[in-house]
Structures are given as C-alpha cells and as structure tokens.
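Quick notes on the structure that follows.
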C-alpha cells in the first residue's frame, strides 16, 4: 500500500470510528502534515483519494469537511475498491468453489492482454453481505503478476493480498454493465429461478502502470444487492 493510501485509510477510519458527523470540519493541511508526519504531497493525494471515495469534500478557502456517509449496505456503482472495502459496513464472507491455475480462453486472454504462454488463476465464489447472497463472482488473475493464490486467500480480501503481499499498486479499472436473465448454470448459486433478472458487471483492473491483472465478472442478486452513486465537483 502506498503512503498516501495508508494515510487516507487512517483518516477514514478515524471519521467512521469516532462517528464524526456530516459537515464537521477536519484539521487543515498543515495540521494533518504534523499529525501523520508525512509530506504535503502525500496529504494532498490522501485528501483527493478520500474526496473521490465520497468520505470528505473540500471547499477552497474554507477547509475540509466530512461528507454524508453512504447508507448501510450500499455498494458504490461506479468505483471499485474491492468488495470487502466497499461493503465494510456489513459483515461479509465468501464461499469459494475453486481456485484453479489454467490457460486462459480467448476472451480472458483478450481482456487481460495475456501472452500466449501465460497462465491465469480462475476463482469462482459466492459473495455474502449481512448473511445474504450478494453476488456470484468469477475472476481471472494473471499469474505473471499475482504469483500465488489459494482458497484461504480467496475467502478473504484478494485485493489486500495483492497489494500487501504481491506489492501490486492498483491503479484504475474499466467497468461494463448489462442486464441479463439468469441461466440454469448461474441461478442455483444465487438461489433464484432460471429467467430471473440480474445485473451483470464485468471489470478489468489495472496496475498504476496500466497493466491489467484481474478480469472479473459478478452477477448480483436482484433482491439483495443495493447500489449508490456519488457525484464529485469538477
């Protein structure tokens, strides 16, 4: 994890743990520099990260303020920080069905820009939030970048593992949405009927240098999954 990400997480945790209310003014940049013993650049990047994630808002000439927290159990529709992070206000878990090392098919290869001789880890798991099925996920990780995965890792936060152990700096993602009807393969995982509606989201995650390392598809339970969107000043 980069220094500014660590500082951003510490500020966010303090806001949430102390239940600091909306529109409360936070210390200014100079005070934050002294408090966290980091550079001005690091603090500015941390604040910008928090603003993008909807934790704070900054008013030029006035200061830094706490933003209205998201409603409990809602997933950010546009941004992705990893399922465990995005839904950290609910008790969550994963049921992992398999972690396999395999040769990618043409579709996975295209999305991950794999070389001909590359292998990928294929993970299939159910994601739960507050004891309810939230979504069915299938993910492919490039072994070239994520050198090792197992069931224990997949039962927890893969993104934390990728950052802390594999030392991958996660940069950005491309996200694609479509409405589908469940087929006979997927419906039983979600406890739904064939033909029921669902939201299918495919996402490609990149390192900060622009190299794709994860291609994931998650199909959300139409009754349990909830989403929100936060706009940001331009």
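Please verify whether residue 11 is surrounded by 16 or more Cβ atoms within 10 Å (Cβ to Cβ), over 26 Å from the mean Cα position of the chain (by Cα), under 27 Å from residue 164 (Cα atoms) and at pLDDT 90 or above, treating the condition exactly as stated. When the stated conditions are applied, residue 11 does not pass them.
Across region 40-73, the qualifying residues are those that are assigned to a loop (DSSP other than H, G, I, E, B), modelled with pLDDT of 80 or more and out of contact with any helix residue (DSSP H, G or I) (no Cβ under 7 Å at 6 or more places or on another chain), and the one among them that is nearest to residue 15 (Cα to Cα) is 67. Residue 98 passes every criterion in (1) surrounded by 15 or more Cβ atoms within 10 Å (Cβ to Cβ); (2) more than 18 Å from the chain's Cα centre (by Cα); (3) assigned to a strand (DSSP E or B) apart from (1). Every test in (1) in contact with a strand residue (DSSP E or B) (Cβ under 9 Å, 6 or more places away or on another chain); (2) part of a loop (DSSP other than H, G, I, E, B); (3) closer than 30 Å to residue 175 by Cα is passed by residue 20 save one, and that test is (3). Residues that are within 25 Å of residue 210 (Cα to Cα) and in contact with a helix residue (DSSP H, G or I) (Cβ under 8 Å, 6 or more places away or on another chain) within region 164-199 comprise 168, 169, 170, listed in sequence order.
Looking at region 37-52, which of its residues are farther than 15 Å from residue 68 by Cα and either under 25 Å from the mean Cα position of the chain (by Cα) or surrounded by fewer than 16 Cβ atoms within 10 Å (Cβ to Cβ) (or both)?
37, 39, 40, 41, 42, 43, 44, 45, 46, 47, 48, 49
The values are calculated or read from the model by the stated rules, or taken from the named source; none is laboratory data. Treat the numbers as computed from the prediction; the structure is a model and nothing was measured. A quick note on method: Cβ atoms are made from the backbone with ideal geometry, for glycine too, and the neighbour counts reach across all protein chains shown.
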